[in-house]
1. May I ask you to list the residues in segment 30-47 that are outside any helix (DSSP H, G or I) and touching a helix residue (DSSP H, G or I) at 6+ places or on another chain (Cβ under 9 Å)?
2. Open to solvent by 60 Å² or more (accessible area, probe 1.4 Å), over 20 Å from the mean Cα position of the chain (by Cα) and closer than 18 Å to Ile105 by Cβ: does that describe Thr35?
Amino acid sequence: MNKTPGTILVIDDNEVNRKYLKTVLSHNGFEPLITSSGFEALEELKVKEVDLILIDIQMPEMDGFECFRQIKALFNLECPILAITAFSDLTDKKEIIAFGFNDYIAKPVKPNVLIDTLSYWINNHSEIVTEGNHVKMEHVDKGILKDLLRFTDEESLLSLIDEFIEETKASLQSIAFLRSANKHAEILSILHNIKGNSGSFGFNLLSSKAAKIEAHIKEKRFEMAESDLDDFFEYTDFLLRDYQRLLNID
């Protein structure tokens, strides 16, 4: 099966939404594969490969949750699956992540949020997949730091990173406690935040490791998650101790 790089499977029952998403995706270098229902999407997946799946949660007959469940049951896919949702309550959003979706995009869908989110997940997924092939990933992506410095000064950026580090330390303590109680759903939520925040500040390897464990938990591969958590704690111990040196801060 052949596909165009950046192929996005869109599943949405609303015609206006489908046209909107197709327009935004097409004009930003993606190849949209547009379907109007979960049933249609399942047929497309039998003959086509995609890089990412975008599912509207509130659809008739087969809603987004059932569509996700069917895709996971019928296909051996590793690509990210994101939800589009009008839910505004934080609890609803946490439930979407706990259900297994990699991420969500809130309605109304803003073009810049859509493109940034899809680009992040396609790039992040590619890094995770190639990790086993020993592709080198830097501890800190200086390119991301350089981009951030276009919008703020160095002192403010470093202050934000310090706050992120302190928040991550607290999160790791929470994970250690939850791990002893086998509370995987709660660990999943914390890892999701670490993954996103670390990626935002250029800590790509930390983000990738968190994403890998998150994927294990979502697929109920708890033994693999436990094994990777040992490595995760060892790595974060090094990173949180030496992050200033890695950032080249005197």
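The values are calculated or read from the model by the stated rules, or taken from the named source; none is laboratory data. Keep in mind that this is a model prediction, so the values were computed, not measured. Note that we place each Cβ from the backbone using ideal geometry, even for glycine, and neighbour counts take in every protein chain shown. These area figures cover heavy atoms from the full protein model, side chains too; ligands, DNA and RNA do not enter into them. Shrake-Rupley method; radii C 1.70, N 1.55, O 1.52, S 1.80 Å.
1. Answer for segment 30-47, where residues must be outside any helix (DSSP H, G or I) and touching a helix residue (DSSP H, G or I) at 6+ places or on another chain (Cβ under 9 Å): Phe30, Glu31, Pro32, Leu33, Ile34, Thr35, Ser36, Ser37, Lys46.
2. Here the answer is no, as Thr35 does not meet what is asked.
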